[in-house]
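The values are calculated or read from the model by the stated rules, or taken from the named source; none is laboratory data. Fair warning: this is a prediction, and the values are worked out from it, not measured in the lab. Cβ atoms come from the backbone with ideal geometry, glycine included; neighbour counts cover every protein chain shown.
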Amino acid sequence: MEARPRPVVAVWKFASCDDCQFSLLDCEDELLALAGAIDIAYFAEASSTLRSGPYDLSLVEWSVTTTEDERRIRRARADSKQLVTIGACATAGGIQSLRNFADVKEYIEAVYASPEYIRTLAASTPIAAHVPVDFELRDCPINKHQLLEVISALLAGCKPAIADESVCVACKKRGTPCVMVAHGTPCLGPVTHTGCGAICSSYGRGCYGCYGPAEAANTAALARTWQALGADRRSIHRAFRSFNAAAESFRKESEAHGDENPSR
């Protein structure tokens with residue numbers, strides 16, 4: 001019987017720190033089995049051999065920040081049966097989306113000796129703002145075990161078994177006391193998507209929101225709780241303006257406590 005062809009996979013890099021792509025190379029024990037099960041046709045970080053599509057699955061890292069990015073992501077989408085965004089940059093604009101709250105032209109003129117050569121968009125936007133996305137895998141950088149689950153599930157025609165609850169559920173499962181209740185420590189856990197295993201809270205620290213907003217995140221209620229613990233507007237503003245600053249619920253809450261809204 002003729003062997004079934006392996007699914008063809010592409011990994012796309014835009015302007016990025018590359019950590020989410022490295023998560024694939026960090027699979028260690030699983031990497032050989034994964035490489036034998038799929039045909040990686042396009043992965044500039046790992047090989048200079050780059051084959052054109054079509055692809056069964058594309059993994060996309062980083063956000064759209066230039067007009068060339070816009071053209072490339074449309075080409076990638078057209079060549080891919082399924083497209084998955086990986087990491088906070090690709091799913092929510094990333095740390096570079098802080099430019100969305102400032103005048104990019106002023107930054108360019110202050111940083112670059114020849115600003116006339118710089119071509120960039122005024123905003124950093126997630127991939128889903130430009131093309132349809134089949135699945136979003138969050139974190140900064142992504143969890144390699146979750147990445148393996150997503151690749152395996154999608155290529156098998158299944159829905160990835162990725163939990164959609166908040167970090168608070170992970171704390172309960174591992175028996176970690178709530179740092180806000182026990183110690184009065186501000187924590188983004190109640191409004192953050194789970195996936196890390198509640199690492200920060202297990203060491204007595206508040207969650208930093210690496211995985212982005214959970215489903216139906218009530219950020220306003222959490223902000224009021226922080227204020228009751230003594231947090232000021234600046235602290236709340238900065239907490240919501242980090243890796244996932246452009247994610248809608250985090251963006252709205254940071255703006256509600258920023259200089260643009262002095263009444264809060």
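Any idea which residue in region 246-264 is nearest to Thr125 (Cα to Cα), counting only those that are polar (S, T, N, Q) and without any contact (Cβ under 8 Å) to a residue 12 or more places away in the chain? Reasoning before the result, please.
Narrowing region 246-264 to residues polar (S, T, N, Q): 249, 254, 261, 263.
So of that shortlist, the ones also without any contact (Cβ under 8 Å) to a residue 12 or more places away in the chain come out as 261, 263.
Values: Asn261: 23, Ser263: 28 Å.
So, considering only residues that are polar (S, T, N, Q) and without any contact (Cβ under 8 Å) to a residue 12 or more places away in the chain, the one nearest to Thr125 (Cα to Cα) is Asn261.
Step by step: first the residues of region 51-71, then only those that are touching a strand residue (DSSP E or B) at 6+ places or on another chain (Cβ under 7 Å) and of a type in the set (S, T, N, Q), then the one that is surrounded by the fewest Cβ atoms within 10 Å (Cβ to Cβ). Which residue is that? Filtering region 51-71 for residues that are touching a strand residue (DSSP E or B) at 6+ places or on another chain (Cβ under 7 Å) and of a type in the set (S, T, N, Q), the one surrounded by the fewest Cβ atoms within 10 Å (Cβ to Cβ) comes out as Ser58. Scan region 214-221 and tell me whether some residue there is under 23 Å from Phe14 (Cβ atoms) and assigned to a loop (DSSP other than H, G, I, E, B). Among the residues of region 214-221, not one is under 23 Å from Phe14 (Cβ atoms) and assigned to a loop (DSSP other than H, G, I, E, B), which makes the answer no. Quick one: count up the residues across region 94-139 that are loosely packed, with under 14 Cβ neighbours inside 10 Å and aromatic (Phe, Trp, Tyr). Qualifying residue count, region 94-139: 2.
Results for (1) buried (at least 21 other Cβ atoms within 10 Å of the Cβ); (2) in contact (Cβ under 8 Å) with a residue 12 or more places away in the chain; (3) under 26 Å from Leu147 (Cα atoms), shown as yes or no for each residue.
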residue: Arg174; (1), (2), (3): no, yes, yes
residue: Thr192; (1), (2), (3): yes, yes, yes
residue: Gly195; (1), (2), (3): yes, yes, yes
residue: Gly206; (1), (2), (3): no, yes, yes
residue: Leu222; (1), (2), (3): yes, yes, no
residue: Arg233; (1), (2), (3): no, yes, no
residue: Asn244; (1), (2), (3): yes, yes, yes
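Screening region 40-86 for residues that are part of a loop (DSSP other than H, G, I, E, B) and small (Gly, Ala, Ser) and picking the one that is nearest to the chain's Cα centre (by Cα) gives Ser63. Taking the listed residues Ser80, Ser166, Ser152, the one that is touching a residue at least 60 places away in the same chain (Cβ under 8 Å) and not basic (Lys, Arg) is Ser80, with no other qualifying. Restricting to region 133-165, name every residue that is among the charged types (D, E, K, R) and either part of a loop (DSSP other than H, G, I, E, B) or out of contact with any helix residue (DSSP H, G or I) (no Cβ under 8 Å at 6 or more places or on another chain) (or both). Hits for region 133-165 are Asp134, Arg138, Asp139, Glu149, Lys159, Asp164, Glu165. Filtering region 1-39 to residues that are at pLDDT below 85, over 17 Å from Ile142 (Cβ atoms) and in a loop (DSSP other than H, G, I, E, B) leaves Met1, Glu2, Ala3, Arg4, Ala15. Of everything in region 148-172 that is within 19 Å of the chain's Cα centre (by Cα) and among the β-branched types (Val, Ile, Thr), the residue that is surrounded by the fewest Cβ atoms within 10 Å (Cβ to Cβ) is Ile162.
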